[in-house]
Amino acid sequence: MFNKKKNVIIYLAAFALLVFLYGVGALRHAENLFTRILNPVLKQFYTIGADIKNTYNEQTSKYDLAKVIKEMEKQVMLLTGENAELKTALKENDILREHLGFLERNELTYIMSNIISKEDILNVGGQTEVIIIDKGEQHGIRKGLSVVNSQGVIIGKVAEVKARTARVHLTSSDRCKLAVTILGDDATSGIAQGSLGLVIKMDFIPQIKNLNINDIVVSSGLEKDIPRGLVVGNISEVRKESNELWQSAIIEPMLDMDELTIVSIIIP
């Protein structure tokens, strides 16, 4: 017990002595020496600590930035989808207005339909000759009716009908025949038929008939279910043979398959 008290007194006396010596400046040289020795070590510790802190902050910032970028990418994808839907809706509205304008001006009865499929019959060229629409027998569609685009151009005839869908042969298909009239000086009438999925050909036109490039060809009205005056296309080529009685006309269809999404079926 006595030894413990003695040690405490010695510690207190030593501490008091150090305080006294520090107070009078006697330890200044030792302090400076100690500081010079410790400064490089402390500097190294500080540098390591700063590096660790900076690395941590950098990694945290990168993680936070990655999260922000990911969220922004999601927003961009969402807005892109909404923008595409809006553009599609606006385009469809424009097409519908064009359809209604033509049909109402001509006081035609019609059934409007969407194209749900396009069949590429000619695999080599990839020309579309058949389309499938989303209206059928239950909607009043029947075989032989004419199908027009928003400008009133006849683009084909209904060839096959099911309950809720119908198959349409385009005017450029060799399975589609139309009774037509050429709006020229002689108002020539005849039968036009698709050729190779590209053009429409009108054969057996008498040589005495005067045909001109760009003459407009329309439906003649001689078919039971197809009204007169629907535009078919314009003449792009006239073929004559000097030793033949007949001539033929190549008709360029006035339709763009890439733009064709909505059609109207004319009800006579």
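Touching a helix residue (DSSP H, G or I) at 6+ places or on another chain (Cβ under 9 Å), loosely packed, with under 15 Cβ neighbours inside 10 Å and outside any loop (DSSP other than H, G, I, E, B) - does that describe any residue in the stretch 244-260? Within the stretch 244-260, one or more residues are touching a helix residue (DSSP H, G or I) at 6+ places or on another chain (Cβ under 9 Å), loosely packed, with under 15 Cβ neighbours inside 10 Å and outside any loop (DSSP other than H, G, I, E, B). When 136, 144 are checked against the criterion of being at pLDDT 90 or above, surrounded by 15 or more Cβ atoms within 10 Å (Cβ to Cβ) and not aromatic (Phe, Trp, Tyr), a single residue qualifies: 136.
In this structure, residue 174 does satisfy being surrounded by fewer than 18 Cβ atoms within 10 Å (Cβ to Cβ), assigned to a loop (DSSP other than H, G, I, E, B) and free of Cβ contacts under 8 Å to residues at least 60 places away in the same chain. Being crowded, with 20+ Cβ neighbours inside 10 Å, in contact with a helix residue (DSSP H, G or I) (Cβ under 6 Å, 6 or more places away or on another chain) and not assigned by TED's automatic domain parsing to the domain that holds residue 245 is a property that residue 156 lacks. Residue 181 satisfies every condition listed in (1) out of contact with any Phe, Trp or Tyr (no Cβ under 8 Å at 6 or more places or on another chain); (2) closer than 25 Å to residue 109 by Cα; (3) among the hydroxyl-bearing types (Ser, Thr, Tyr); (4) not in a strand (DSSP E or B) except (4).
The values are calculated or read from the model by the stated rules, or taken from the named source; none is laboratory data. Predicted, not measured: the structure shown is a model, and the values here were computed from it. Cβ coordinates were reconstructed from backbone atoms using ideal geometry, including for glycine residues, and neighbour counts include every protein chain displayed.
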